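Here's the structure we're looking at; comments come further down.
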Amino acid sequence: MPTQLTATRHLDGLREAMLAFVRYGDRAGLSAAVPTCPGWCVRELVAHQGMVHRWAAANLRGRSADPDALERSGLTDPDPLDWLAEGAIDLVTAWAKAPVDVQTVVFLRDAPAPKEFWARRQCHETTIHAVDALAAALGRPPRADEVWMDAELAADGIDELLCGFLTRSRSRLRADEPGLLVVAPDDRDEWWEVSVSRAPAVSARRPGPAPDDADWVLRGPAVDLYLRLWNRGADAVDVAGWPERARVTW
């Protein structure tokens, strides 16, 4: 089962993330550095996110879009936060008007049907970059108690990363010596196992108590694990070069 959440829940998560993104982006200022995205300032973060929203909306409409041109638009817009909000509104409009059986690109493994895929992907895309905006406002990676999301949404984002992104053939998460990673949120009745080797990772979500005899075991609140696994936490994940090899890039 690719996700246990409904598309409505994902769209609610997208809305919550957008409110946070604009709030913290404005608080930080467009020229502020983004600690969780080294080399970026807030304007560049906004331009990237607004580009992704517009690119996703084009996919849902069966159209093509030039990511570079969209990103340049965000970099030069006189009010980039308003430009960001407009793109998010257009994304939700495109999603709502798309037929239930819309045929469009789906680029993750273990993904739901295309329409549900885009609601989920843009929920977590926007949430992660809203966390980046919060980091810019704070001047450091945020703690779990400073982030607005709940354990349910965080667990879904963990699942998308471990089972969707890291199992792709292009994933760089590899290890010369095979090992097993267990990710076990202490506020959820589920856990994940990730088999790491020279081949693409093999991941699965499991019910019930998690084992303690894996090569690596990560425990803690789901939101904290979400931040760490997506490389947004103050503490890095010390597994097979995780900070670089498990980093999701455009």
Subject >> Of all residues making up segment 1-48, the number that are among the β-branched types (Val, Ile, Thr) and more than 21 Å from Ala154 (Cα to Cα) >> reply: 3
Original post:
When you look at Ala94, is it out of contact with any strand residue (DSSP E or B) (no Cβ under 8 Å at 6 or more places or on another chain), more than 20 Å from Leu153 (Cβ to Cβ) and not in a loop (DSSP other than H, G, I, E, B), yes or no?
Top reply: yes
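Output the residues belonging to segment 113-134 that are among the basic types (Lys, Arg) and either buried (at least 24 other Cβ atoms within 10 Å of the Cβ) or more than 16 Å from Ala94 (Cα to Cα) (or both).
Of the residues in segment 113-134, the ones among the basic types (Lys, Arg) are 115, 120-121.
The one that is among the basic types (Lys, Arg) and either buried (at least 24 other Cβ atoms within 10 Å of the Cβ) or more than 16 Å from Ala94 (Cα to Cα) (or both): Arg120.
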**OP:** Kindly list, by first and then second residue, each pair from a residue in segment 128-144 that is farther than 20 Å from Arg15 by Cβ to a residue that is modelled with pLDDT of 95 or more and part of a helix (DSSP H, G or I), limited to pairs with Cβ atoms under 6 Å and residues at least 6 apart or on different chains.
**Re:** Ala136/Ala28; Ala136/Val42; Pro141/Ala135; Ala144/Val223; Ala144/Asp224
Original post:
Pro114: assigned by TED's automatic domain parsing to the domain that holds Pro211 and farther than 16 Å from Asn231 by Cα, yes or no?
Top reply: no
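For segment 234-250, which residues satisfy the criterion of being within 30 Å of Asp66 (Cβ to Cβ) and not in a loop (DSSP other than H, G, I, E, B)? Can you show your working first?
The first filter runs over segment 234-250 and keeps only residues within 30 Å of Asp66 (Cβ to Cβ), leaving 244-250.
Result: Glu244, Arg245.
I need the full set of residues from segment 21-40 which are outside any loop (DSSP other than H, G, I, E, B) and surrounded by fewer than 19 Cβ atoms within 10 Å (Cβ to Cβ), in order please.
If we filter segment 21-40 for residues that are outside any loop (DSSP other than H, G, I, E, B), which is where we start, we get 21-28, 33.
Val22, Arg23, Asp26, Arg27, Ala33 - these are the residues of segment 21-40 that are outside any loop (DSSP other than H, G, I, E, B) and surrounded by fewer than 19 Cβ atoms within 10 Å (Cβ to Cβ).
For Leu162, indicate whether it is assigned to a helix (DSSP H, G or I) and either surrounded by 20 or more Cβ atoms within 10 Å (Cβ to Cβ) or among the aliphatic types (A, V, I, L, M) (or both). It would help to see each step written out before you state the result.
On the way: assigned to a helix (DSSP H, G or I): yes; either surrounded by 20 or more Cβ atoms within 10 Å (Cβ to Cβ) or among the aliphatic types (A, V, I, L, M) (or both): yes.
When the stated conditions are applied, Leu162 passes them.
Only residues that are crowded, with 18+ Cβ neighbours inside 10 Å and of a type in the set (A, V, I, L, M): list them for segment 176-188, please. First the steps, then the outcome.
We begin by selecting, within segment 176-188, every residue crowded, with 18+ Cβ neighbours inside 10 Å; these are 181-185.
Selection gives Leu181, Val182, Val183, Ala184.
Could you identify the single residue in Ala201, Ala210 that is surrounded by 17 or more Cβ atoms within 10 Å (Cβ to Cβ) and more than 19 Å from Gly164 (Cβ to Cβ)?
Values: Ala201 fails: more than 19 Å from Gly164 (Cβ to Cβ).
Of Ala201, Ala210, the one residue that is surrounded by 17 or more Cβ atoms within 10 Å (Cβ to Cβ) and more than 19 Å from Gly164 (Cβ to Cβ) is Ala210.
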**OP:** Please work out which one of (1) more than 17 Å from the chain's Cα centre (by Cα); (2) surrounded by fewer than 17 Cβ atoms within 10 Å (Cβ to Cβ); (3) of a type in the set (Val, Ile, Thr) is the condition Thr249 fails and give its number.
**Re:** (1)
**OP:** Would you please list the contacts, defined by Cβ atoms under 6 Å and residues six or more apart or on different chains, that run from a residue in segment 171-195 that is farther than 15 Å from Ala246 by Cβ to a residue that is charged (D, E, K, R) and part of a loop (DSSP other than H, G, I, E, B)?
**Re:** Leu180/Asp215
Original post:
Quick one: is Arg43 in a helix (DSSP H, G or I) and surrounded by fewer than 18 Cβ atoms within 10 Å (Cβ to Cβ)?
Top reply: no
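Would a scan of segment 98-110 turn up a residue that is touching a helix residue (DSSP H, G or I) at 6+ places or on another chain (Cβ under 7 Å), among the basic types (Lys, Arg), closer than 27 Å to Arg232 by Cα and not in a helix (DSSP H, G or I)? Steps first, please.
Filtering segment 98-110 down to residues touching a helix residue (DSSP H, G or I) at 6+ places or on another chain (Cβ under 7 Å) leaves 98, 100, 102-106, 108-110.
Next, from what is left, pick out any that are among the basic types (Lys, Arg): 109.
Pick out the ones that are also closer than 27 Å to Arg232 by Cα and you get 109.
Narrowing further to those that are not in a helix (DSSP H, G or I): 109.
Scanning segment 98-110 turns up at least one residue that is touching a helix residue (DSSP H, G or I) at 6+ places or on another chain (Cβ under 7 Å), among the basic types (Lys, Arg), closer than 27 Å to Arg232 by Cα and not in a helix (DSSP H, G or I).
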Subject >> Search result, residues across segment 98-150 that are among the β-branched types (Val, Ile, Thr), more than 20 Å from His48 (Cβ to Cβ) and in contact with a Pro (Cβ under 8 Å, 6 or more places away or on another chain) >> reply: Val102, Thr104, Val106
**OP:** Go through (1) assigned to a helix (DSSP H, G or I); (2) surrounded by fewer than 20 Cβ atoms within 10 Å (Cβ to Cβ) one by one and return the number of the condition Val52 breaks.
**Re:** (2)
Original post:
Among the residues of segment 64-89, how many are part of a helix (DSSP H, G or I) and of a type in the set (D, E, K, R)?
Top reply: 5
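The values are calculated or read from the model by the stated rules, or taken from the named source; none is laboratory data. Computed from a prediction, not measured in an experiment: that's the story for all the values here. Note that each Cβ is placed from the backbone with ideal geometry, even for glycine, and that neighbours are counted across all protein chains shown.
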